[in-house]
1. When only residues in region 44-57 that are within 15 Å of residue 5 (Cβ to Cβ) and not acidic (Asp, Glu) count, which is least open to solvent (accessible area, probe 1.4 Å)?
2. Quick one: would you say residue 60 is in contact with an Asp or Glu (Cβ under 7 Å, 6 or more places away or on another chain), surrounded by 12 or more Cβ atoms within 10 Å (Cβ to Cβ), in contact (Cβ under 8 Å) with a residue 40 or more places away in the chain and of a type outside the set (S, T, N, Q)?
3. Conditions first: (1) outside any helix (DSSP H, G or I); (2) in contact with a Ser or Thr (Cβ under 6 Å, 6 or more places away or on another chain). Residue 64 passes all but one, so which condition is the exception?
4. How about region 30-39: which of its residues are within 16 Å of the chain's Cα centre (by Cα) and either open to solvent by 40 Å² or more (accessible area, probe 1.4 Å) or in contact (Cβ under 8 Å) with a residue 60 or more places away in the chain (or both)?
Amino acid sequence: MTGTLISLISIVIGIISANIFGKFYEKYTFGFKGNTLIGVFGSVLLIKTFGRLGFDPWSIMNDGDFDAFRLAINFLVSALGGVLGLMLAKKIYLKLNK
């Protein structure tokens, strides 16, 4: 796997997690398009922030040596980013529309 492929898979995981979370918890949903957008940005934001600790895609590949533990952490943080992004966006939406 390359770093770019890992990044794309992380974004897709963020999209899927945001849409699944929105499906099960209807009070946090923005519809399919909204959840997808929020999943992308939430995933990227949290991965970029958490990647500074050494869990970015290029640290996972580390000169051709594959680290599965870092990959699993990266995917978990990506899914968490999609969910947290959706929750934060809904809170902001509700605060602005009072």
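1. Applying the filter and picking the extreme gives 57.
2. The answer is yes for residue 60.
3. Of (1) outside any helix (DSSP H, G or I); (2) in contact with a Ser or Thr (Cβ under 6 Å, 6 or more places away or on another chain), only one is false for residue 64: (2).
4. 32, 33, 37
The values are calculated or read from the model by the stated rules, or taken from the named source; none is laboratory data. Keep in mind it's a predicted model, so treat the numbers as computed, not measured. For neighbour counting, all protein chains shown are included, and Cβ atoms are generated from backbone atoms with ideal geometry for every residue, glycine included. Areas reflect the complete protein model, heavy atoms only, side chains present, ligands, DNA and RNA absent. Shrake-Rupley method; radii C 1.70, N 1.55, O 1.52, S 1.80 Å.
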